[in-house]
1. Give me the pairs, please: first residue somewhere in region 268-281 and open to solvent by less than 70 Å² (accessible area, probe 1.4 Å), second residue anywhere and not in a helix (DSSP H, G or I), beta-carbon distance under 6 Å, and either six or more positions apart or on two chains.
2. In the set L233, L240, L195, which member is surrounded by fewer than 23 Cβ atoms within 10 Å (Cβ to Cβ) and either hydrophobic (A, V, I, L, M, F, W, C) or part of a helix (DSSP H, G or I) (or both)?
3. Are any of the residues in region 178-189 aromatic (F, W, Y), in a helix (DSSP H, G or I) and in contact (Cβ under 8 Å) with a residue 12 or more places away in the chain?
4. List the pairs whose first member sits in region 240-264 and is within 22 Å of A135 (Cβ to Cβ), whose second member is open to solvent by 90 Å² or more (accessible area, probe 1.4 Å) and modelled with pLDDT of 90 or more, and whose Cβ atoms are under 9 Å apart, counting only residues at least 6 apart or on separate chains?
5. Would you say D207 is out of contact with any helix residue (DSSP H, G or I) (no Cβ under 9 Å at 6 or more places or on another chain) and under 29 Å from P28 (Cβ atoms)?
6. Go over the candidates L29, L48, L33 one by one and state the one that is modelled with pLDDT of 75 or more and surrounded by 14 or more Cβ atoms within 10 Å (Cβ to Cβ).
7. Here are some residues: V208, V215. Which one is open to solvent by less than 30 Å² (accessible area, probe 1.4 Å) and in contact (Cβ under 8 Å) with a residue 60 or more places away in the chain?
Amino acid sequence: MTASLTADIRERVQQIETMPSIPAVFVPLLNLLSGSAEDANVDEVVRLVSYDNTVAAQCLRVAASPLFGMAQPPKSIKAAVISLGLRRVETILLTCCMGQAFPAIKWVLDPAVFWRHSLGCALVCRKFSEKLATADHEKAYMAGLLHDIGFMVNCLVFPKEFATAMECACREEIPLGDAEVATMGFTHCETGRALAEKWKLADDVIDVIAHHHVVEQSQKAQPLAALVHLSDLLCRMRGLGYGYYERHKVDLVSDPAWAILLQQHRDLEGVDLARFTFELDEAVEEIQTLVRTVFGSSPART
């Protein structure tokens, strides 16, 4: 990709203003939660979460989900924050805010399909990371949730070009990223990186967004990028893709990302992939329920 195209993407992303909850709640909370949990002020977190009634209500609904393992649903934002812990509050807030980031009228890619894949990847990342002793489970969830935000940019900023890429992917039954390269000359990885930098997300999350399809090029978060890459493939294998059939055979153990992840996490050698993918099949219905809970729509079937 040329320097002039990179500059054009950054300039057009900087002009995006239609993000209802993002400027008011999202960035200040990320900044507040970016440090250690011990240093964060719980009352300030509660105040910011409560600032937007819609986000606050969604946070309570998601916190009550069996996915977060609470014995009883929280009755207040403060109770949710204390019971869940600040790292989980951060991931729940990300999930809720993402649903309000862009107007649905701008979507080229079916938004229900997009959210199902994003949440599916987030949950698979967390499940996968729980099998690795030294992995950060909530960071894995966050990276999985945000890895494809470039698709939102493409829908909003490059709708005609992205529509052509989507048509190509469906017609040729190829990965959507390959279709973007063939028709647009760039992918959601580049546009996602530009948006992540605009939002001032953490460097490792930005690195994952930029390199989850070219893990070997990651310099700041290669093991995390590898984890997201493999989780993304697992989702697409289990019918949690982008709403069309991909003629794409996947062998996870032979994927270069597997070797990269194995270098950092030797306990990966003991993971039973057959059992793990069976667990994912059982989780698909739960993922669809969570999509409806957060985004208020029924995910499309693939």
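1. Within 6 Å, the pairs are V271/K131; L280/R238.
2. The unique qualifying residue is L233.
3. No.
4. As it stands, the answer is P256/E216; A257/E216; I260/E216, since those pairs meet every condition given.
5. On the way: out of contact with any helix residue (DSSP H, G or I) (no Cβ under 9 Å at 6 or more places or on another chain): no; under 29 Å from P28 (Cβ atoms): yes.
No: the conditions fail for D207.
6. Numbers: L29 fails: modelled with pLDDT of 75 or more; L33 fails: modelled with pLDDT of 75 or more.
Just a single option satisfies the conditions, and that option is L48.
7. V208
Matching residues to (1) charged (D, E, K, R); (2) surrounded by fewer than 24 Cβ atoms within 10 Å (Cβ to Cβ):
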| residue | (1), (2) |
| --- | --- |
| V108 | no, yes |
| V124 | no, no |
| E130 | yes, yes |
| G144 | no, no |
| H147 | no, no |
| K160 | yes, yes |
| C170 | no, yes |
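The values are calculated or read from the model by the stated rules, or taken from the named source; none is laboratory data. This structure is a prediction, so every number in the text was calculated from the model and none was measured. No Cβ is skipped: glycine too gets one built from the backbone with ideal geometry, and neighbour counts run over all protein chains shown. Keep in mind that these areas ignore ligands, DNA and RNA; they rest on the heavy atoms of the full protein, side chains included. Shrake-Rupley method; radii C 1.70, N 1.55, O 1.52, S 1.80 Å.
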